[in-house]
Structures are given as structure tokens and as C-alpha cells.
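Chemist: Got a structure here, written out as C-alpha cells. Questions coming.
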Amino acid sequence: DTVIQRNGSLNYNPGRIFPRSEAFQRTRKSIVVEFGYKGRKLFVVVNHFNSKLSDTSHFSSVWPMVYPTERKRMLMANAVNTFVSRLDKRNPDSLIAVIGDFNEFLNMPAMRTLEGNTLHNLMRELPQNERYTTNHNGNSQPLDYIFVNKNLKRSPHQFKVLHLNSDYMGRLSDHDPVIGVFDI
């Protein structure tokens, strides 16, 4: 397992976050990588949370809607938040970004759990009509995010979603890329 050493560095770089945890059984593992830059540590946690494939569609005849995949994303969000909170506490001057396809809507419990008290979801900085990264059955919604700790949030930055795919037929992907540029 990847652990945070006394000096604040990772024992495996890159490494998996809690790979033996129930949260990451039978799904993709979250990976953390540590970079050094001008005497500071930059940690990037890369994620691809489980899909919503077995959840009830918004347009189905089943009501109330059922979200059986939500429990797994909640476990994953809690595990990543726990790891990042420990990392942030051990490295108070570090820069931390948590990125990826989280397969969850902006204000759902898993995304609020992931954000917790340590992270800020940059999607919240965009006007509401730009807060989407995919379009499923005519419903534009965010599933891809960049979360940052307070140190990275304080640095001058730009965040945007490049709407290259979700607005068009014949696209290369069903998700739009999210871009964060930081002056560190």
C-alpha cells in the first residue's frame, strides 16, 4: 500500500491509494504521483470512479429512481478524501490536485464527501450553464472534475471545460476534457 512517510513523501511513486480497501475492490484503483517543483511538493491523484450503468435512467418508468452504484462511489470518495486529508496534514505547504472521471453529478453525496474540508471543486467556479462534461440522452451534466487543496486554489489559476465532444454528434469521446492551468 502507498503510505505517506514521515518526511511527507510517498513510499511508492506513483502508488495506489488504499488498494486493498473495499472501496477499490473490483474497480479501477486511484493512483497518486508526487512531483518536486522549486522545493515544493505537488501531488496529483488520478481517478476513474465506477460507472452509473446499473442506475435507473432519469427517463425510465421506474420511480423512485434507484442508484445501486452510488454506494461504491461514496466508498471511493471517502477513501480518496481520507488519503488527501492525511497528505495535506503531513505536507502543509504542498500542492494537491485530485482529477478524473468521477462518474457522479456535482452536488451528489459522493462529490461532497470527496471535497470535504480539504478540497475545492473547481467546477463550482464556472457559470452554471458551463458546468457539464458530457451529454447523456439530452441531459448535460458534469462527471469530470479537478479538485484542489487550499494552496493550489490560492495560486492564480484558470479552469475551463473544453466543450469539444458533448455538444456534437460524431464526437471522439462522450466526455469533454477539463483544463486547469496554475501559476505556481
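The values are calculated or read from the model by the stated rules, or taken from the named source; none is laboratory data. Keep in mind that what you see is a predicted model, and the values were worked out from it rather than measured. FYI the Cβ positions are ideal-geometry reconstructions off the backbone, even for glycines, and counts take in every protein chain you see. The protein model used for the area step is the full one, side chains on, heavy atoms only, and it has no ligands, DNA or RNA in it. Shrake-Rupley method; radii C 1.70, N 1.55, O 1.52, S 1.80 Å.
Chemist: Using the alpha-carbon centroid of each, what span in Å lies between the range 129-184 and the range 62-101?
Modeler: The range 129-184 and the range 62-101 have Cα centres separated by 18 Å.
Chemist: Label-point separation (nm) for Asn139 and Gln25, each offset 7 Å from Cα along Cα-to-Cβ?
Modeler: 2.9 nm
Chemist: Tell me the per residue accessible area of the range 44-184 using a 1.4 Å probe; a whole number in Å² is fine.
Modeler: Ligands and nucleic acids excluded, the result is 52 Å² per residue.
Chemist: Please list 25-34, 112-121 highest first by mean number of surrounding beta-carbon atoms within 10 Å per residue.
Modeler: Details: 25-34: 16.9, 112-121: 18.4.
So the order, starting with the most tightly packed, is 112-121, 25-34.
Chemist: Now for a different question. Under a 10 Å cutoff between Cα atoms, tell me which one of Asn151, Asn47, Asn78 has the largest fluctuation in the Gaussian network model of the chain.
Modeler: Largest GNM mean-square fluctuation: Asn151.
Chemist: Can you give the charge dipole size of the range 94-184 about its Cα centre, rounded to the nearest 20 debye, using +1 on the beta carbon of Lys and Arg and -1 on the beta carbon of Asp and Glu?
Modeler: Numbers: 8 positive and 10 negative charges, 68 e Å.
Roughly 320 debye, rounded to the nearest 20.
Chemist: If you stretched the chain out fully between Ser61 and Arg16, how much longer would it get, using 0.36 nm times the residue separation minus the C-alpha to C-alpha distance?
Modeler: Extra length from Ser61 to Arg16 when fully extended: 12.2 nm.
Chemist: Continuing with this model, one more query. Can you tell me the 0 to 90 degree angle between the C-alpha axis of helix 70-90 and the longest principal axis of the chain, rounded to 10?
Modeler: 20 degrees
Chemist: Which net charge results when you count Lys and Arg as +1 and Asp and Glu as -1 among the other residues whose beta-carbon is under 15 Å from that of Ser173?
Modeler: Details: positive: Arg171; negative: Asp101, Asp144, Asp167, Asp174, Asp176.
Value of the local net charge: -4.
Chemist: What is the percent carbon and sulfur in the accessible area of the range 64-106, measuring with a 1.4 Å probe over the protein chains and ignoring ligands?
Modeler: Answer for the range 64-106 is 57 percent, counting heavy atoms of protein chains only.
Chemist: May I ask you to list the lysines whose Cα is less than 24 Å away from that of Lys38, ignoring any residue fewer than eight positions away on the same chain?
Modeler: Output for Lys38: Lys89, Lys150, Lys153.
Chemist: For Leu143, what charge total do you get from the other residues with a beta carbon under 10 Å from its beta carbon, if Lys and Arg give +1 and Asp and Glu give -1?
Modeler: Here the charged neighbours net out to -4.
Chemist: Express the relative contact order of the chain as a whole percentage, based on alpha carbon pairs under 8 Å and six or more residues apart in sequence. Can you show the working numbers first?
Modeler: Numbers: 349 pairs, mean separation 29.8, N = 184.
In percent, rounded to a whole number, it is 16.
Chemist: Another question, if that's okay. By accessible area of protein heavy atoms, probe 1.4 Å, what ranking do Met76, Met65 get, highest first? Present the calculation step by step, with values, prior to reporting the outcome.
Modeler: Values: Met76 0, Met65 35 Å².
The residues order as Met65, Met76, largest area first.
Chemist: Once you charge only the Cβ atoms, +1 for Lys and Arg and -1 for Asp and Glu, what is the size of the charge dipole of the chain about its Cα centre, to the nearest 20 debye?
Modeler: In debye, rounded to 20, the chain gives about 720.
Chemist: Please give the calculated 222 nm ellipticity per residue for the chain, where each DSSP H segment of at least 4 residues contributes -39500 (n - 2.57) and the sum is spread over every residue; nearest 500 deg cm²/dmol? Please list the in-between numbers first.
Modeler: Numbers: 3 runs with 33 residues, N = 184.
Taking each H run of at least 4 residues, the total per residue is -5500 deg cm²/dmol.
Chemist: Would you indicate which of (1) 56; (2) 62; (3) 52 is the value of percent of Cα pairs over 21 Å apart derived from the coordinates of this structure?
Modeler: The listed entry that was calculated here is (3).
Chemist: From the backbone phi of the range 21-26, what are the Karplus-calculated ³J(HN,Hα) couplings (6.51 cos²θ - 1.76 cosθ + 1.60, θ = phi - 60°) in whole Hz, Gly and Pro given as x?
Modeler: Listing the rounded values in order: 5, 4, 4, 10, 6, 6 Hz.
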